[in-house]
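Visitor: This is the structure, below, for whatever I ask next.
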Amino acid sequence: MTFPPFTEEHALLRKTVRDFVQREIHPHRKEWDDAGEWPARELFKKMADLGLLGIRFDPRWGGAGLDWWAHAAFVEELAHGRNGGVSMSILVHTDISTPVIHEIGTDAQREEFLRPAIAADRVGALGITEPGCGSDVAALTTTARRDGDVSVINGAKTFITNGAFADFIVLAVRTGEAGHGGISLVLFPTDTPGFTVGKKLDKLGTRSVDSSLLHFDDCRIPRRYLLGEENMGFIYIMQNFQGERLVAALMCTSGMEVQLGDAIEYGKSRRAFNKPIVAYQVWRHRFAEHITGIRAAKMLNYHAVDKINAGDDAQVEISMAKLFAGDLAQKVAYDCLQFHGGYGFTEEYDIARAYRDVRLMPIGGGTSEVMKEIIIKWTGLLG
(Lines give C-alpha, C1' and ligand atoms only; values in the text may rest on other atoms or scores of the structure.)
Protein backbone atom coordinates (compact mmCIF):
# COMPACT_ATOMS: atom_id res chain seq x y z
CA MET A 1 0.00 0.00 0.00
CA THR A 2 1.21 3.50 -0.82
CA PHE A 3 1.91 5.55 2.30
CA PRO A 4 0.56 8.06 2.97
CA PRO A 5 -2.57 6.87 1.13
CA PHE A 6 -3.53 10.16 -0.49
CA THR A 7 -5.70 9.72 -3.58
CA GLU A 8 -6.91 11.85 -6.50
CA GLU A 9 -9.90 12.74 -4.34
CA HIS A 10 -7.54 14.13 -1.72
CA ALA A 11 -5.69 16.07 -4.42
CA LEU A 12 -8.97 17.68 -5.51
CA LEU A 13 -9.75 18.57 -1.91
CA ARG A 14 -6.28 20.10 -1.54
CA LYS A 15 -6.84 22.20 -4.65
CA THR A 16 -10.18 23.42 -3.35
CA VAL A 17 -8.64 24.49 -0.04
CA ARG A 18 -5.48 25.95 -1.64
CA ASP A 19 -7.53 27.99 -4.10
CA PHE A 20 -9.76 29.23 -1.27
CA VAL A 21 -6.95 30.34 1.04
CA GLN A 22 -4.96 31.96 -1.75
CA ARG A 23 -8.05 33.83 -2.92
CA GLU A 24 -9.71 34.71 0.39
CA ILE A 25 -6.97 34.76 3.05
CA HIS A 26 -3.53 35.30 1.51
CA PRO A 27 -4.23 38.79 0.08
CA HIS A 28 -5.39 40.03 3.50
CA ARG A 29 -2.86 38.24 5.73
CA LYS A 30 -1.11 41.39 6.96
CA GLU A 31 -4.19 43.61 6.97
CA TRP A 32 -6.04 41.29 9.37
CA ASP A 33 -3.07 40.98 11.69
CA ASP A 34 -2.80 44.76 11.85
CA ALA A 35 -6.54 45.07 12.51
CA GLY A 36 -6.52 42.34 15.17
CA GLU A 37 -9.50 40.60 13.60
CA TRP A 38 -10.67 38.84 10.45
CA PRO A 39 -14.14 38.55 8.84
CA ALA A 40 -14.72 35.12 10.32
CA ARG A 41 -18.45 34.82 9.73
CA GLU A 42 -18.18 35.79 6.07
CA LEU A 43 -15.35 33.36 5.38
CA PHE A 44 -16.81 30.54 7.46
CA LYS A 45 -19.93 30.79 5.31
CA LYS A 46 -17.85 30.54 2.13
CA MET A 47 -16.06 27.51 3.57
CA ALA A 48 -19.38 25.90 4.47
CA ASP A 49 -20.56 26.39 0.90
CA LEU A 50 -17.46 24.42 -0.21
CA GLY A 51 -18.19 21.66 2.30
CA LEU A 52 -15.06 22.35 4.36
CA LEU A 53 -16.46 22.75 7.89
CA GLY A 54 -17.54 19.16 8.51
CA ILE A 55 -15.12 16.99 6.58
CA ARG A 56 -15.02 14.18 9.19
CA PHE A 57 -18.62 14.53 10.38
CA ASP A 58 -21.62 12.35 9.60
CA PRO A 59 -23.63 13.48 6.54
CA ARG A 60 -26.70 13.16 8.76
CA TRP A 61 -25.65 16.48 10.33
CA GLY A 62 -24.40 18.09 7.13
CA GLY A 63 -20.85 16.70 7.17
CA ALA A 64 -18.92 15.11 4.32
CA GLY A 65 -18.38 11.77 6.07
CA LEU A 66 -14.70 11.55 5.04
CA ASP A 67 -11.78 10.19 7.05
CA TRP A 68 -8.76 11.59 8.85
CA TRP A 69 -6.63 11.47 5.68
CA ALA A 70 -9.01 13.87 3.96
CA HIS A 71 -8.98 16.08 7.00
CA ALA A 72 -5.17 16.05 7.11
CA ALA A 73 -5.12 17.28 3.51
CA PHE A 74 -7.49 20.12 4.48
CA VAL A 75 -5.41 21.18 7.48
CA GLU A 76 -2.11 21.15 5.61
CA GLU A 77 -3.40 23.46 2.88
CA LEU A 78 -4.51 26.15 5.34
CA ALA A 79 -0.85 27.10 5.85
CA HIS A 80 -0.77 28.60 2.36
CA GLY A 81 -2.86 31.50 3.63
CA ARG A 82 0.28 32.50 5.56
CA ASN A 83 -1.66 33.70 8.58
CA GLY A 84 -1.45 31.46 11.64
CA GLY A 85 -4.18 33.31 13.50
CA VAL A 86 -6.78 32.74 10.81
CA SER A 87 -5.81 29.07 10.51
CA MET A 88 -6.12 28.69 14.28
CA SER A 89 -9.53 30.35 14.33
CA ILE A 90 -10.77 27.99 11.61
CA LEU A 91 -9.42 24.92 13.41
CA VAL A 92 -10.95 25.98 16.73
CA HIS A 93 -14.30 25.78 14.96
CA THR A 94 -13.68 22.59 12.96
CA ASP A 95 -11.47 20.58 15.32
CA ILE A 96 -11.60 21.92 18.85
CA SER A 97 -15.20 22.93 19.62
CA THR A 98 -17.33 20.72 17.35
CA PRO A 99 -15.84 17.17 17.35
CA VAL A 100 -16.86 16.50 20.94
CA ILE A 101 -20.46 17.38 20.06
CA HIS A 102 -20.32 14.99 17.13
CA GLU A 103 -18.87 12.23 19.29
CA ILE A 104 -20.85 12.39 22.54
CA GLY A 105 -23.71 14.83 21.97
CA THR A 106 -27.35 13.80 21.84
CA ASP A 107 -29.19 14.02 18.55
CA ALA A 108 -31.02 17.08 19.87
CA GLN A 109 -27.69 18.75 20.74
CA ARG A 110 -26.24 17.89 17.34
CA GLU A 111 -29.30 19.35 15.66
CA GLU A 112 -29.13 22.55 17.71
CA PHE A 113 -25.36 23.13 17.72
CA LEU A 114 -23.46 20.86 15.31
CA ARG A 115 -25.61 21.19 12.20
CA PRO A 116 -25.59 25.01 12.27
CA ALA A 117 -21.84 24.96 13.01
CA ILE A 118 -21.16 22.87 9.90
CA ALA A 119 -23.36 25.28 7.93
CA ALA A 120 -21.54 28.29 9.48
CA ASP A 121 -24.76 29.58 11.00
CA ARG A 122 -23.16 29.29 14.45
CA VAL A 123 -19.48 29.67 15.36
CA GLY A 124 -17.92 27.63 18.16
CA ALA A 125 -15.20 28.03 20.77
CA LEU A 126 -13.77 25.86 23.55
CA GLY A 127 -13.63 27.17 27.10
CA ILE A 128 -11.21 25.33 29.38
CA THR A 129 -8.28 27.56 30.42
CA GLU A 130 -8.84 29.88 33.38
CA PRO A 131 -6.83 32.78 34.83
CA GLY A 132 -5.39 30.40 37.45
CA CYS A 133 -5.54 27.13 35.53
CA GLY A 134 -3.74 26.18 32.33
CA SER A 135 -2.13 22.79 31.80
CA ASP A 136 -3.58 21.60 35.12
CA VAL A 137 -7.11 21.13 33.80
CA ALA A 138 -8.20 19.33 36.96
CA ALA A 139 -7.74 22.58 38.91
CA LEU A 140 -10.46 24.54 37.09
CA THR A 141 -12.90 26.42 39.31
CA THR A 142 -15.71 27.70 37.06
CA THR A 143 -18.83 26.15 38.58
CA ALA A 144 -22.18 24.88 37.30
CA ARG A 145 -24.69 24.64 40.15
CA ARG A 146 -27.89 22.69 39.58
CA ASP A 147 -31.14 24.59 40.14
CA GLY A 148 -34.01 22.36 39.06
CA ASP A 149 -33.79 21.92 35.31
CA VAL A 150 -31.24 24.76 35.01
CA SER A 151 -27.47 24.97 35.52
CA VAL A 152 -26.20 28.23 37.02
CA ILE A 153 -22.66 29.03 35.87
CA ASN A 154 -20.15 31.30 37.57
CA GLY A 155 -16.48 31.85 36.85
CA ALA A 156 -14.05 33.06 34.22
CA LYS A 157 -12.09 31.68 31.26
CA THR A 158 -9.08 33.13 29.49
CA PHE A 159 -7.05 32.63 26.30
CA ILE A 160 -10.30 31.62 24.55
CA THR A 161 -9.82 31.75 20.78
CA ASN A 162 -12.99 32.90 18.97
CA GLY A 163 -14.31 33.85 22.40
CA ALA A 164 -15.17 37.40 21.40
CA PHE A 165 -17.54 36.39 18.60
CA ALA A 166 -18.50 32.73 19.12
CA ASP A 167 -22.19 31.81 19.26
CA PHE A 168 -21.57 28.90 21.60
CA ILE A 169 -18.80 27.59 23.82
CA VAL A 170 -18.07 24.00 24.74
CA LEU A 171 -17.46 24.92 28.36
CA ALA A 172 -15.63 22.99 31.05
CA VAL A 173 -17.23 23.50 34.46
CA ARG A 174 -16.98 22.05 37.93
CA THR A 175 -20.06 20.07 38.89
CA GLY A 176 -18.57 17.86 41.61
CA GLU A 177 -15.68 17.41 43.99
CA ALA A 178 -12.24 18.93 43.55
CA GLY A 179 -9.96 17.25 41.04
CA HIS A 180 -10.50 15.63 37.67
CA GLY A 181 -13.52 13.62 38.80
CA GLY A 182 -15.79 16.61 39.28
CA ILE A 183 -15.61 18.24 35.84
CA SER A 184 -18.37 18.32 33.21
CA LEU A 185 -18.82 19.79 29.76
CA VAL A 186 -21.78 21.95 28.84
CA LEU A 187 -22.92 23.67 25.67
CA PHE A 188 -23.08 27.36 26.45
CA PRO A 189 -24.89 29.81 24.12
CA THR A 190 -23.15 33.18 24.33
CA ASP A 191 -26.42 35.12 24.21
CA THR A 192 -27.08 33.87 27.76
CA PRO A 193 -27.67 36.76 30.22
CA GLY A 194 -24.73 37.24 32.58
CA PHE A 195 -22.10 36.32 29.98
CA THR A 196 -19.63 39.06 29.07
CA VAL A 197 -16.47 39.29 27.03
CA GLY A 198 -13.68 41.02 28.90
CA LYS A 199 -10.54 42.30 27.28
CA LYS A 200 -8.96 40.78 24.21
CA LEU A 201 -5.45 39.79 25.20
CA ASP A 202 -2.64 41.65 23.44
CA LYS A 203 -0.62 38.73 22.07
CA LEU A 204 2.81 38.22 20.56
CA GLY A 205 1.41 36.31 17.57
CA THR A 206 -1.79 34.95 15.96
CA ARG A 207 -2.93 38.55 16.18
CA SER A 208 -5.69 38.30 13.59
CA VAL A 209 -7.91 36.30 15.95
CA ASP A 210 -8.85 37.12 19.52
CA SER A 211 -7.84 35.30 22.67
CA SER A 212 -10.32 36.64 25.15
CA LEU A 213 -11.10 36.80 28.85
CA LEU A 214 -14.69 35.65 29.43
CA HIS A 215 -16.90 36.15 32.49
CA PHE A 216 -19.87 34.06 33.64
CA ASP A 217 -22.04 35.68 36.32
CA ASP A 218 -25.08 33.62 37.37
CA CYS A 219 -25.59 32.43 33.81
CA ARG A 220 -28.58 30.11 33.59
CA ILE A 221 -28.66 27.46 30.87
CA PRO A 222 -30.94 24.43 30.48
CA ARG A 223 -29.71 21.20 32.04
CA ARG A 224 -30.27 19.57 28.67
CA TYR A 225 -27.08 21.35 27.52
CA LEU A 226 -24.98 18.97 29.63
CA LEU A 227 -22.67 17.27 27.12
CA GLY A 228 -22.20 13.58 27.81
CA GLU A 229 -22.32 12.33 31.38
CA GLU A 230 -21.95 14.57 34.40
CA ASN A 231 -18.49 14.56 36.03
CA MET A 232 -16.97 12.78 33.01
CA GLY A 233 -15.71 16.00 31.45
CA PHE A 234 -12.03 15.47 32.20
CA ILE A 235 -12.00 12.27 30.14
CA TYR A 236 -13.86 13.97 27.29
CA ILE A 237 -11.38 16.86 27.35
CA MET A 238 -8.40 14.51 27.20
CA GLN A 239 -9.99 12.64 24.27
CA ASN A 240 -10.78 15.89 22.47
CA PHE A 241 -7.19 17.06 22.96
CA GLN A 242 -5.98 14.28 20.66
CA GLY A 243 -7.58 15.75 17.55
CA GLU A 244 -6.58 19.27 18.57
CA ARG A 245 -2.95 18.28 19.03
CA LEU A 246 -2.82 16.32 15.80
CA VAL A 247 -4.13 19.19 13.69
CA ALA A 248 -1.65 21.49 15.46
CA ALA A 249 1.20 19.21 14.38
CA LEU A 250 -0.14 19.03 10.82
CA MET A 251 -0.60 22.79 10.55
CA CYS A 252 2.80 23.44 12.10
CA THR A 253 4.62 21.10 9.74
CA SER A 254 2.93 22.47 6.64
CA GLY A 255 3.76 25.96 7.87
CA MET A 256 7.43 25.04 8.07
CA GLU A 257 7.32 23.87 4.47
CA VAL A 258 5.82 27.20 3.40
CA GLN A 259 8.39 29.23 5.36
CA LEU A 260 11.30 27.25 3.95
CA GLY A 261 9.96 27.48 0.41
CA ASP A 262 9.52 31.24 0.75
CA ALA A 263 13.05 31.60 2.12
CA ILE A 264 14.62 29.62 -0.71
CA GLU A 265 12.77 31.70 -3.31
CA TYR A 266 13.97 34.87 -1.60
CA GLY A 267 17.52 33.53 -1.54
CA LYS A 268 17.54 32.93 -5.29
CA SER A 269 17.04 36.62 -6.04
CA ARG A 270 18.85 38.21 -3.10
CA ARG A 271 22.57 38.54 -3.89
CA ALA A 272 25.57 39.15 -1.62
CA PHE A 273 29.21 39.23 -2.68
CA ASN A 274 28.26 38.67 -6.31
CA LYS A 275 26.15 35.53 -5.95
CA PRO A 276 22.70 34.49 -4.69
CA ILE A 277 22.75 33.95 -0.95
CA VAL A 278 21.09 30.55 -1.35
CA ALA A 279 24.28 29.40 -3.10
CA TYR A 280 26.35 29.69 0.07
CA GLN A 281 27.16 26.32 1.56
CA VAL A 282 26.31 27.35 5.12
CA TRP A 283 22.70 27.92 4.05
CA ARG A 284 22.46 25.00 1.66
CA HIS A 285 23.49 22.66 4.48
CA ARG A 286 21.18 24.36 6.99
CA PHE A 287 18.25 23.99 4.63
CA ALA A 288 19.16 20.37 3.95
CA GLU A 289 18.91 19.75 7.70
CA HIS A 290 15.51 21.43 7.87
CA ILE A 291 14.17 19.61 4.81
CA THR A 292 15.13 16.38 6.56
CA GLY A 293 13.58 17.46 9.86
CA ILE A 294 10.35 18.54 8.19
CA ARG A 295 10.11 15.21 6.39
CA ALA A 296 10.58 13.43 9.72
CA ALA A 297 7.88 15.60 11.30
CA LYS A 298 5.53 14.82 8.44
CA MET A 299 6.07 11.08 8.80
CA LEU A 300 5.40 11.30 12.55
CA ASN A 301 2.21 13.16 11.72
CA TYR A 302 1.12 10.59 9.18
CA HIS A 303 1.90 7.72 11.54
CA ALA A 304 -0.42 9.36 14.08
CA VAL A 305 -3.09 9.99 11.41
CA ASP A 306 -2.89 6.34 10.38
CA LYS A 307 -3.46 5.16 13.95
CA ILE A 308 -6.29 7.53 14.81
CA ASN A 309 -7.94 6.87 11.44
CA ALA A 310 -7.95 3.15 12.26
CA GLY A 311 -9.63 3.86 15.58
CA ASP A 312 -6.54 2.95 17.61
CA ASP A 313 -5.19 4.77 20.66
CA ALA A 314 -2.78 7.30 19.14
CA GLN A 315 -2.07 9.38 22.24
CA VAL A 316 1.68 8.68 22.29
CA GLU A 317 2.10 9.14 18.55
CA ILE A 318 0.14 12.40 18.58
CA SER A 319 2.13 13.68 21.55
CA MET A 320 5.38 12.85 19.75
CA ALA A 321 4.18 14.54 16.57
CA LYS A 322 3.19 17.75 18.36
CA LEU A 323 6.36 17.81 20.46
CA PHE A 324 8.66 17.28 17.48
CA ALA A 325 6.88 19.67 15.10
CA GLY A 326 6.40 22.41 17.69
CA ASP A 327 10.03 22.46 18.74
CA LEU A 328 11.41 22.13 15.19
CA ALA A 329 9.21 25.01 14.04
CA GLN A 330 11.08 27.37 16.36
CA LYS A 331 14.39 26.50 14.68
CA VAL A 332 13.01 26.68 11.14
CA ALA A 333 11.39 30.07 11.70
CA TYR A 334 14.54 31.40 13.38
CA ASP A 335 16.78 30.34 10.51
CA CYS A 336 14.39 31.51 7.81
CA LEU A 337 14.20 34.94 9.44
CA GLN A 338 17.99 35.03 9.82
CA PHE A 339 18.35 34.13 6.16
CA HIS A 340 16.31 37.20 5.23
CA GLY A 341 18.74 39.41 7.16
CA GLY A 342 17.41 42.84 8.02
CA TYR A 343 14.38 42.33 5.79
CA GLY A 344 13.28 39.45 8.00
CA PHE A 345 13.00 41.93 10.86
CA THR A 346 10.40 43.94 8.97
CA GLU A 347 6.72 43.37 8.32
CA GLU A 348 7.38 43.45 4.57
CA TYR A 349 8.01 39.70 4.54
CA ASP A 350 5.75 36.92 5.83
CA ILE A 351 8.52 35.37 7.91
CA ALA A 352 8.18 38.09 10.57
CA ARG A 353 4.55 37.12 11.21
CA ALA A 354 5.34 33.39 10.97
CA TYR A 355 8.15 33.83 13.51
CA ARG A 356 5.66 35.27 16.00
CA ASP A 357 2.87 32.83 15.24
CA VAL A 358 4.86 29.60 15.59
CA ARG A 359 5.91 30.45 19.13
CA LEU A 360 2.47 29.31 20.24
CA MET A 361 2.99 25.78 18.97
CA PRO A 362 4.94 24.42 21.97
CA ILE A 363 2.40 26.09 24.30
CA GLY A 364 -1.16 25.86 22.96
CA GLY A 365 -3.18 22.65 23.20
CA GLY A 366 -0.71 21.15 25.66
CA THR A 367 2.83 22.39 26.22
CA SER A 368 5.91 20.53 25.03
CA GLU A 369 6.59 19.71 28.68
CA VAL A 370 3.18 18.04 29.00
CA MET A 371 3.81 16.12 25.77
CA LYS A 372 7.03 14.77 27.26
CA GLU A 373 5.22 13.65 30.41
CA ILE A 374 2.64 11.80 28.31
CA ILE A 375 5.34 10.10 26.25
CA ILE A 376 7.26 9.00 29.33
CA LYS A 377 4.13 7.79 31.10
CA TRP A 378 2.59 5.81 28.25
CA THR A 379 5.79 4.27 26.91
CA GLY A 380 6.66 3.02 30.40
CA LEU A 381 10.27 4.12 30.15
CA LEU A 382 10.45 4.99 33.84
CA GLY A 383 8.84 1.75 34.98
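Visitor: Quick one: in the range 98-126, which of the residues that are part of a loop (DSSP other than H, G, I, E, B) and of a type in the set (A, V, I, L, M) is nearest to residue 164 (Cα to Cα)?
Guide: Across the range 98-126, the extreme among qualifying residues is 123.
Visitor: Now for a separate question. Under the condition of being in contact (Cβ under 8 Å) with a residue 24 or more places away in the chain and part of a loop (DSSP other than H, G, I, E, B), which residue from the range 341-362 is surrounded by the most Cβ atoms within 10 Å (Cβ to Cβ)?
Guide: Ranking the qualifying residues of the range 341-362, first place goes to 361.
Visitor: Report whether or not residue 188 is in contact (Cβ under 8 Å) with a residue 24 or more places away in the chain, crowded, with 20+ Cβ neighbours inside 10 Å, at negative phi and of a type in the set (Phe, Trp, Tyr).
Guide: Considered against the rule, which asks whether it is in contact (Cβ under 8 Å) with a residue 24 or more places away in the chain, crowded, with 20+ Cβ neighbours inside 10 Å, at negative phi and of a type in the set (Phe, Trp, Tyr), residue 188 comes out as yes.
Visitor: I'd like the full set of residues that are closer than 21 Å to residue 260 by Cβ and of a type in the set (S, T, N, Q), limited to the range 335-367.
Guide: Matches in the range 335-367: 338, 346.
Visitor: A follow-up question, please. For the range 248-268, which residues satisfy the criterion of being among the β-branched types (Val, Ile, Thr) and surrounded by 24 or more Cβ atoms within 10 Å (Cβ to Cβ)?
Guide: 253
Visitor: From 137, 150, 123, 170, which residue is farther than 25 Å from residue 102 by Cβ, touching a helix residue (DSSP H, G or I) at 6+ places or on another chain (Cβ under 9 Å) and among the β-branched types (Val, Ile, Thr)?
Guide: Residue meeting the stated conditions: 150.
Visitor: Name the one entry in 209, 170 that is aliphatic (A, V, I, L, M), in contact with a Ser or Thr (Cβ under 7 Å, 6 or more places away or on another chain) and either under 30 Å from residue 312 (Cβ atoms) or not assigned by TED's automatic domain parsing to the domain that holds residue 135 (or both).
Guide: 170
Visitor: Return a yes/no flag: does the range 323-331 have any residue that is in contact with a Gly (Cβ under 6 Å, 6 or more places away or on another chain) and farther than 22 Å from residue 90 by Cβ.
Guide: yes
Visitor: A further question on this structure: Take the residues of the range 112-147 that are in contact (Cβ under 8 Å) with a residue 40 or more places away in the chain and over 24 Å from the mean Cα position of the chain (by Cα): which is surrounded by the most Cβ atoms within 10 Å (Cβ to Cβ)?
Guide: Taking the candidates together, the pick is 144.
Visitor: Still on this structure: For the subset of the range 305-322 comprising residues that are touching a residue at least 40 places away in the same chain (Cβ under 8 Å) and closer than 18 Å to residue 367 by Cα, which member is surrounded by the fewest Cβ atoms within 10 Å (Cβ to Cβ)?
Guide: Applying the filter and picking the extreme gives 316.
Visitor: Another question, then. Could you identify the single residue in 338, 330 that is more than 18 Å from the chain's Cα centre (by Cα), within 20 Å of residue 82 (Cα to Cα) and either assigned to a helix (DSSP H, G or I) or assigned by TED's automatic domain parsing to the domain that holds residue 269 (or both)?
Guide: Working: 330 fails: more than 18 Å from the chain's Cα centre (by Cα).
When all the criteria are applied, what remains is 338.
Visitor: Checking the condition of a type in the set (Val, Ile, Thr), under 22 Å from the mean Cα position of the chain (by Cα), outside any loop (DSSP other than H, G, I, E, B) and more than 30 Å from residue 141 (Cβ to Cβ), which residue from 316, 278 passes?
Guide: Checking each option against the conditions leaves just 316.
Visitor: Which one of 56, 60 is at pLDDT 95 or above, part of a helix (DSSP H, G or I) and among the basic types (Lys, Arg)?
Guide: Exactly one residue qualifies, and that residue is 60.
The values are calculated or read from the model by the stated rules, or taken from the named source; none is laboratory data. Not measured: the values here are computed from a predicted model. In this analysis, Cβ positions are derived from the backbone assuming ideal geometry, glycine residues included, and neighbour counts consider all displayed protein chains.
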